[in-house]
Structure formats: structure tokens, C-alpha cells
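Here's the structure, in C-alpha cells; my notes come after.
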Amino acid sequence: MVRETSVMSLDDFGTWDPGPLEPGERLFIDTGEHRDMAAIDYSLTEDRYVVSYREAGDVLTTHVTQGRMSDLLVFPILFAYRHWLELELKALIALGQRWRGEDIKPMHTHKLEALWPLARAAIEAAFPEDPADLDTVGSIVDELVAVDPESMSFRYAHDRNGQVNLPAGLERVNVGHIAAVMLQVGILLDGAADGMADMLANADDFGP
């Protein structure tokens, strides 16, 4: 069953009444108005996942900076940016493995402190003369690690032992500032990833 919808703003969801669940209602359907549809399978790549989480953080932050629901949306925003960074670092590590001629070994960890040194080494190996401020990126990674070491703090209120996930003393954050800093980090990391990918592509084109 395709439910009829009209064009809505984000504010409309608070009063939207989609009606009761129908018998046999399905969650995933592939028909409907064009504006309601999203293509899933057009690009099942790591790059798409990387971009999508930062875009989600940016969109939610834009909503918040317009004066809307900052206290409710802060956790999805922080999770989106943290997960973007995790995926970005893993992508850089994979590029570094290709750069060294190694088989790509997926990194099965959420720990940024384990990922960042490997990603940084990949960047430095590819761009040894580049003065990019990787120390500042590292300090930002350290800040995230202190608040959310294993990608749990922004998703769950308590850990498995019933303890609060967020560290004591973290009471307020400037969401707009976080978005701006993540944009700056993204420009640096995206540039490194794009440059490495281009150099690898050229090496493939002109290699033996």
C-alpha cells in the first residue's frame, strides 16, 4: 500500500497523521511519488556511505541552527559526524594499503585512536612534502575519543553495566562550531583521499 502524502516541511511531521497501520502493511516499498523515493542500489560503494553520514550531519545541523530542536538532535548530529570520520579514516587506510601494494584488509574496529595513526601514515606516505596540519586533526580525533571511544556514547544513554556513556562534565556543545570544524577536517581528509585515488588511478593507467 502506498500512503498518500503531500509536500511537507520538517515542522509538519509533528502534526502529520498518516492514519492507522493497515493489515499487511510493509515497511520497504519501491513505488510512490518521485519526491518520496530514494535510490539505494545506484552506487553501493564505501565513498557513498562516507559522504552520506557527513551530509546527514550537515542537514541536521542546518535545521538546528535555524533555531529548531537542538537538544533533541544533538546526538544524531554527533553520531553522524563521528561515523563519517570513522568511515573516512578507514577509506584512507585502504588507500594506503593499495598505495603500498598490499591486499586491502578491512579494519574491524570503531576505535578512532586505532584508525587515525594508520590513516595519518597513509597520508604522509602519499604526500611527504605536504604541510597539511595533521597534528590539529589528531587533536580533534583525541577529543572525540575522550567523549565517544567506541561509537556508543551518541547512540546509547548507558553502557552494558548501566553506566552513563557520556563523560561527566560534558553539558553543552556548540553544534554549529562542530559542523564548521568537521567541514575543515573533511576538506583536508577528502583532499588527501581524492589525491591518493587519482595517483593510484594514474599508476594503473601508465603502469606495466
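The values are calculated or read from the model by the stated rules, or taken from the named source; none is laboratory data. Just so it is clear, the model here is predicted, and its values are computed rather than measured. Every residue, glycine among them, receives a Cβ derived from its backbone with ideal geometry; neighbour counts consider all protein chains shown.
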- Total residues in segment 185-197, condition more than 21 Å from residue 100 (Cα to Cα) and surrounded by fewer than 13 Cβ atoms within 10 Å (Cβ to Cβ): 1
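Select, from 98, 160, 172, 155, the only residue that is surrounded by fewer than 16 Cβ atoms within 10 Å (Cβ to Cβ) and either hydroxyl-bearing (Ser, Thr, Tyr) or touching a residue at least 40 places away in the same chain (Cβ under 8 Å) (or both). Break it down stepwise before answering.
Working: 98 fails: surrounded by fewer than 16 Cβ atoms within 10 Å (Cβ to Cβ); 160 fails: either hydroxyl-bearing (Ser, Thr, Tyr) or touching a residue at least 40 places away in the same chain (Cβ under 8 Å) (or both); 172 fails: either hydroxyl-bearing (Ser, Thr, Tyr) or touching a residue at least 40 places away in the same chain (Cβ under 8 Å) (or both).
After ruling out the rest, the residue left standing is 155.
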- Task: Please tell me if residue 145 is touching an Asp or Glu at 6+ places or on another chain (Cβ under 9 Å), in contact (Cβ under 8 Å) with a residue 12 or more places away in the chain, more than 30 Å from residue 198 (Cα to Cα) and part of a helix (DSSP H, G or I).
- Result: yes
- Hey, among 141, 145, 175, 137, which residue is under 20 Å from the mean Cα position of the chain (by Cα), at pLDDT below 95 and β-branched (Val, Ile, Thr)? 175
- Note on the structure: Expected single match for over 30 Å from residue 198 (Cα atoms) and without any contact (Cβ under 8 Å) to a residue 12 or more places away in the chain among 30, 41 is 30
- Task: May I ask you to verify whether residue 129 is modelled with pLDDT of 95 or more, more than 21 Å from residue 51 (Cα to Cα) and surrounded by fewer than 17 Cβ atoms within 10 Å (Cβ to Cβ)?
- Result: no
- With respect to residue 113, determine if the residue is in a helix (DSSP H, G or I), out of contact with any Phe, Trp or Tyr (no Cβ under 7 Å at 6 or more places or on another chain) and within 16 Å of residue 186 (Cα to Cα). no
- Query: Does segment 118-129 hold any residues that are more than 23 Å from the chain's Cα centre (by Cα) and in contact (Cβ under 8 Å) with a residue 24 or more places away in the chain, and which are they?
  - Reply: 125, 126, 127
- Message: Based on this model, can you work out whether residue 72 counts as among the aliphatic types (A, V, I, L, M) and modelled with pLDDT under 90?
- Response: yes
